[in-house]
Amino acid sequence: MAAVLFAGAPGAASAQASPEECSTLAYPYAPPEALLLGGGELRVFAMHHKQCLQDVATYATIHDAFDREMRFHVDPHRSDDHPNLVVFNELTGLMFGVEGSRGQSAREDADQVIADDQLIGQGGAEAIARVAAGYAGPVAYYDSPARFGPTTGAPATVQRLFTAITDTMVRAAVEQFSALAREHGAYIVITAPLPVLEHQACAGDYAGWVACPGWHRSADPVDRCALGDPDLGGGPFPLTCTVPYVYVADTPDIDNVAMFFAPDGTLYDMQPKVNMVAEEEDVLGWHEGSPSTIHAIGLHGDDAARLPQVRMGVGISLDAFEHAVGDEACPPDSAVNDGPGVDDYPWFMHCLDSKGVNVFLQPEFNSASRDCMGWADYSEGGCAPGSWQPVGWMHSAWFAVQGRNPDGGYVHQNFRYAVNPFLVGNLFDIAGDGQSAIFARDDPRAFTGCYAGNCATGIYDDPTLGFTSHPDAAFLAPWQGPKPGFLALTAWTMTPADASWPYRARAGQVAGSKDSLQACEKGLAPGSGVLSGDCSENNERPSALVADLRLPAAAAPTAAGLPGTGAAPGPAPLGVALVLCALAAVAPRRLRRTARGGEAA
């Protein structure tokens, strides 16, 4: 997830469309795109969620919008005899920062926010400025010597704003999704920017957690009057400060964190993002979780005792691309994040595999911009010249379950399923796009498939066909063409029924047309000016994938070992053996951290 802030710029007809065109409260939902039901231990819902500005006007609209989405995509397909796991996307909670009167200016003047940000070339800057004005009091409270002290430098100042919205974010992302999990009887996973504590700092009810809430609930009058939401009775004067409680940050550090809610509403586990892109650290000032927080997550309560074989793990976006292997997969619990430049952890997936994880979750906000779109565009490694991003994406969730060693064995021993839900829709001047997917190993329902633009290879480089030559980076070559292991995949805006669907790009293409996949993608971009048609501005389509995962009780999971330790049937995918070591090296990973517009974030 790149340098973005807060809310979506909805609608296909304009940059700031009416609620009827975008809001989930009015959206004409269709059934999920894929249903693979009958037989399994865990039913998973990969939510292809579309963010929308109108949905976050109040805490009530946040609840009602997601409640409606759950009622349409989850409730009709809930299992009565095994747990239901609903996985939302990376930073679905980010837009909650414009909730209420303090975010009203940003919400209601999104056109100007977009124009200003595109003029200065800094995504999210105007939204940050407008929201910061409404949080001046909470910022001053946390800047005081009695709390965290003043900040210096732009990233720290921006992070302090996120610290200041802790009360808003906890009410929206924690209170509301706890209620939604309880009301719908399902496990819910959602990510949001929140303060997080680790290891020994987790005490009381959180003792023994590797990562835990970095906030507490307070009824202290000073806290209530300094931090209280004015829409709920908060205010600077004790006589008018009637809000009964607030949530107070216990650390200035803000993490991009996944939270697990049980069907009884309990927040029972958390996994912070360990590998962040440069914009998250250097622009937003967020904190990378320690590699020692990488852990397996089971079910909750009676479900955990009944289904101990369900072992989930989370790699938030960039974490899922870190496939290096080594003798020591995981650092000790005493390991800490020592700051920018020394905290990359290329062994993330190897460590997660060593924990016996068999259900890998990759929540995703694949952020991009008007000039460098994020999915059907040449944005892998940046747009000049860049390469086809859906090919590079094969080195994340798909590789977790299907990646092979030179001897044909699986790189990761325990992953059986990977769930990769994308957040879609424009976030002011930042675009979100992609194809949500569920991948499988050794599941007879899986099929040979491909993302948009990956289904053939030679056509893209043949100048005699009138299409531009735009070869991909050599290290991506093994993943062009159909590949095994697809269990479910959302359709992209252009589908195989469109005549130009096989073509990535061609000479003379027009943005917003169906001349090619790239032309259509550029019409979806914020500020594209394309006002109608399938490829018009912000016309991404919300959806969901539903599948029963088959995880029968078995012997203890295999410890992840060095390359070649896994015995797996069948040959390695074409060319994977030749490039595995190169892909584990730093160069491709560095591209994602520094140069990308469409971000594996």
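The values are calculated or read from the model by the stated rules, or taken from the named source; none is laboratory data. Computed from a prediction, not measured in an experiment: that's the story for all the values here. Positions of Cβ are backbone-derived with ideal geometry, glycine not excepted, and every protein chain shown enters the neighbour counts. Areas reflect the complete protein model, heavy atoms only, side chains present, ligands, DNA and RNA absent. Shrake-Rupley method; radii C 1.70, N 1.55, O 1.52, S 1.80 Å.
Here is how the numbers come out for the structure above:
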| read-out | value |
| --- | --- |
| Most positive-pole-ward Cα, 275, 290, 315, against dipole of segment 257-333 from beta carbon charges | 315 |
| Global form of segment 163-204, assessed from the alpha-carbon gyration tensor, a/c cut-off 1.5 | oblate |
| Largest to smallest accessible area among 35, 180, 489 [probe 1.4 Å] | 35, 489, 180 |
| Note, ³J(HN,Hα) from phi for segment 114-131, Karplus 6.51, -1.76, 1.60, rounded to Hz, x at Gly and Pro | 4, 4, 5, 5, 5, 5, 8, x, 10, x, x, 4, 5, 4, 4, 4, 5, 5 |
| Mean Cβ count within 10 Å, highest first, over the residues of peptides 363-372, 321-330 | 363-372, 321-330 |
| HN-Hα J in Hz across segment 281-298 - Karplus 6.51, -1.76, 1.60, θ = phi - 60°, x for Gly and Pro | 7, 8, 10, 7, x, 6, 9, 7, x, 5, x, 6, 8, 5, 7, 7, 10, x |
| Inter-probe distance in nm under a simple model that places probes 7 Å from Cα toward Cβ, at residue 80 and residue 133 | 5.5 nm |
| Computed label-point distance, nm, for sites residue 175 and residue 513 using a 7 Å Cα→Cβ extension | 5.2 nm |
| Unit charges on C-beta of K, R, D, E only; dipole of segment 89-202, Debye | 360 debye |
| For residue 426, residues with placed amide H under 5 Å, excluding near neighbours | 9, 432 |
| ³J(HN,Hα) computed for each position of segment 498-510 - Karplus, 6.51 cos²θ - 1.76 cosθ + 1.60, integer Hz, glycine/proline x | 7, 4, 8, 4, x, 9, 6, 7, 7, 5, x, 5, 10 |
| Spacing of the two label points (7 Å from each Cα toward its C-beta) at residue 115 and residue 302, in nm | 5.9 nm |
| Residues with amide H under 5 Å from that of residue 506, placed H, sequence gap 5 or more | 468 |
| Cut-off under 5 Å, modelled amide H: who pairs with residue 549 long-range | 41, 42, 43, 44 |
| Segment 141-199-segment 75-133 distance, computed between alpha-carbon centres (Å) | 14 Å |
